[in-house]
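Visitor: To start, I am sharing the structure in question, which I have written as structure tokens.
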Amino acid sequence: MSKKVKVITDPKVIKLMLEDTRRKILQLLRNREMTISQLSEILGKTPQTVYHHIEKLKEAGLVEVKRTEMKGNLVEKYYGRTADAFYINLYLGDEELRYFARSRLKTKLDIFKALGYEFDEEELLNIMDRILEKEHEYKMKISKEIEENEELLKDFSNEDIIHAIEWLSMAEIGRDEEALKLLKKLGEILKK
């Protein structure tokens, strides 16, 4: 049986998860178990390519065979995720992941500009980057706590647990003086 929450701290595994095809496979397997042929049809990739990605995800402990079925003379393997929710932290000190986190934030700046907001890009990027770093830090801490106490939460839906993580991390941010100053500054900068 898969876990509700799994915290991923290994930068190599995080990078593996962020690769486009693997990310899509993990998204597809969020809702149901699927075979290689089902995944390859949806993704428009060859079964060999999908199998390669599935093997990488299996090695990383993110995907596993959930069940097998006989289809004529063939055994069909149905793959599923090892957890309903994976929590990653892009702020673990790995330069490549830090760059990835900042580049994702730059896209948000482009959206703000398109909406007519005016700001100093570097200042705003640094503020958002630090807020996100704090948010990741708190979500990881809370996710670890949930992972360690999963038995106590077995009667709750995954969606409710994920929302609880969000609320608990907001509560942590609400007690963090630096985060509150950063959020106030964010509010001052992003206003028309």
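The values are calculated or read from the model by the stated rules, or taken from the named source; none is laboratory data. Note that the structure is a prediction, hence the values are computed from the model and not measured. Here the Cβ positions follow ideal geometry from the backbone for every residue, glycine too, while neighbour counts run over all protein chains shown. When the accessible area is computed, the model is the full protein with side chains, heavy atoms only, and any ligands, DNA or RNA have been set aside. Shrake-Rupley method; radii C 1.70, N 1.55, O 1.52, S 1.80 Å.
Visitor: Determine ³J(HN,Hα), in whole Hz, for all residues of segment 181-189 in sequence, where each value follows from phi through the Karplus function 6.51 cos²θ - 1.76 cosθ + 1.60 and θ = phi - 60°; x replaces Gly and Pro.
Guide: Computed from phi, the couplings for segment 181-189 are 5, 5, 5, 4, 5, 4, x, 5, 6 Hz.
Visitor: If you take the beta carbon distance between Lys154 and Lys12 as r and set R0 to 30 Å, what does 1/(1 + (r/R0)^6) give as a FRET efficiency, to the nearest 0.05? Could you put the intermediate results ahead of the total?
Guide: Working: r = 31 Å, r/R0 = 1.02.
For Lys154 and Lys12, the calculated efficiency is 0.45.
Visitor: Roughly how many Å² is the accessible area per residue of segment 100-192, as a whole number, for a 1.4 Å probe?
Guide: The answer is 66 Å² per residue.
Visitor: Grab the other residues whose beta carbon is less than 14 angstrom from that of Lys139, score K and R as +1, D and E as -1, and report the net.
Guide: Once all neighbours under 14 Å are counted, the net charge is -4.
Visitor: Now for a separate question. State which entries of Lys3/Lys144; Lys3/Lys66; Lys108/Lys134; Lys144/Lys181; Lys144/Lys185; Lys58/Lys154 exceed 21 angstrom in Cα-Cα distance in the structure shown.
Guide: Lys144/Lys181; Lys144/Lys185; Lys58/Lys154
Visitor: On a full-extension model of 0.36 nm per residue, what is the gain between Leu26 and Lys192, subtracting their alpha-carbon distance, rounded to one decimal in nm?
Guide: Gain in length upon complete extension: 55.9 nm.
Visitor: Also: What order do you get for 146-152, 65-71, 163-169 when each peptide is scored by the mean count of other beta carbon atoms within 10 Å, highest first? Let's see the in-between values first.
Guide: Working: 146-152: 12.7, 65-71: 11.1, 163-169: 15.3.
The densest-packed peptide leads the list: 163-169, 146-152, 65-71.
Visitor: Among (i) 17.4, 64; (ii) 19.7, 66; (iii) 16.4, 49, find the value of Rg and Dmax of the Cα atoms in Å that was calculated from the structure presented, and write down its label.
Guide: For Rg and Dmax of the Cα atoms in Å, the calculated option is (ii).
Visitor: Here is a follow-up. Treat every Asp and Glu Cβ in segment 86-142 as -1 and every Lys and Arg Cβ as +1, leave all other atoms uncharged, and give the resulting dipole magnitude about the Cα centre to the nearest 20 debye.
Guide: Computed about the Cα centre, the dipole is about 320 debye.
Visitor: Expressed as an acute angle from 0 to 90° and rounded to the nearest 10, what is the orientation of the C-alpha long axis of helix 20-31 relative to the principal long axis of the chain?
Guide: Helix 20-31 sits roughly 70 degrees off the main axis of the chain.
Visitor: With only Lys, Arg, Asp and Glu charged, each at its Cβ (+1 for the first two, -1 for the last two), find how big the charge dipole of segment 12-76 is about the Cα centre; round to the nearest 20 debye.
Guide: 240 debye
Visitor: Separate question: Taking amide H positions as placed 1.01 Å from N in the peptide plane, with prolines and chain starts having none, which residues 5 or more places from Val63, or on another chain, fall under 5 Å of its amide H?
Guide: Lys58, Thr82
Visitor: Add +1 for every Lys or Arg and -1 for every Asp or Glu among the other residues with Cβ under 14 Å from the Cβ of Val75, and state the total.
Guide: Once positives and negatives cancel, what remains is +2.
Visitor: Restricting to the chain, what percent of DSSP beta bridges are antiparallel, rounded to 5? Intermediate values should be presented prior to the final figure.
Guide: On the way: 9 of 14 bridges.
About 65 percent, rounded to the nearest 5.
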